[in-house]
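What follows is a short report on a single structure.
The values are calculated or read from the model by the stated rules, or taken from the named source; none is laboratory data. Since this is a predicted model, take the numbers as computed values, not measurements. Because the Cβ atoms are built from the backbone with ideal geometry, glycine has one as well, and the counts that use them run over all protein chains shown. These area figures cover heavy atoms from the full protein model, side chains too; ligands, DNA and RNA do not enter into them. Shrake-Rupley method; radii C 1.70, N 1.55, O 1.52, S 1.80 Å.
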Amino acid sequence: MPTRYTLAWFKEEMAPQLTGCSLVYRSCGEGDFGYLERVEVESETLLGTLDFWSHEWLDLHLIDRAAVEERLNLFLSPNQEAEKEQAFIAFLSLL
């Protein structure tokens, strides 16, 4: 069963909720976890990336700009769907 958490899902479900944030989309080549689609997120207070790998790995990273501290740093495997859902909830709550 394919993951629900893909770049297409992000663009449809999450991006509209990120008003006030700058979003930059990038594609990278093939790596250990497959082809990479990255979203760079910037708000007044946070900088971050969301990495969607074609082999269903997911990486979320947020840094507080003022404090220069990590607020979220998760690297989740394909079989961690429940954790991915919680990670996106945490991501939204921080933004």
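Below, the figures for the structure above:
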| quantity | calculated |
| --- | --- |
| The stretch 9-29 residues that are under 18 Å from Leu58 (Cβ atoms), paired with ones that are in a helix (DSSP H, G or I) and open to solvent by 50 Å² or more (accessible area, probe 1.4 Å) (beta carbon under 7 Å, 6 or more apart) | Gln17/Leu92 |
| Some residue of the stretch 45-52 being under 12 Å from the mean Cα position of the chain (by Cα) and β-branched (Val, Ile, Thr) | yes |
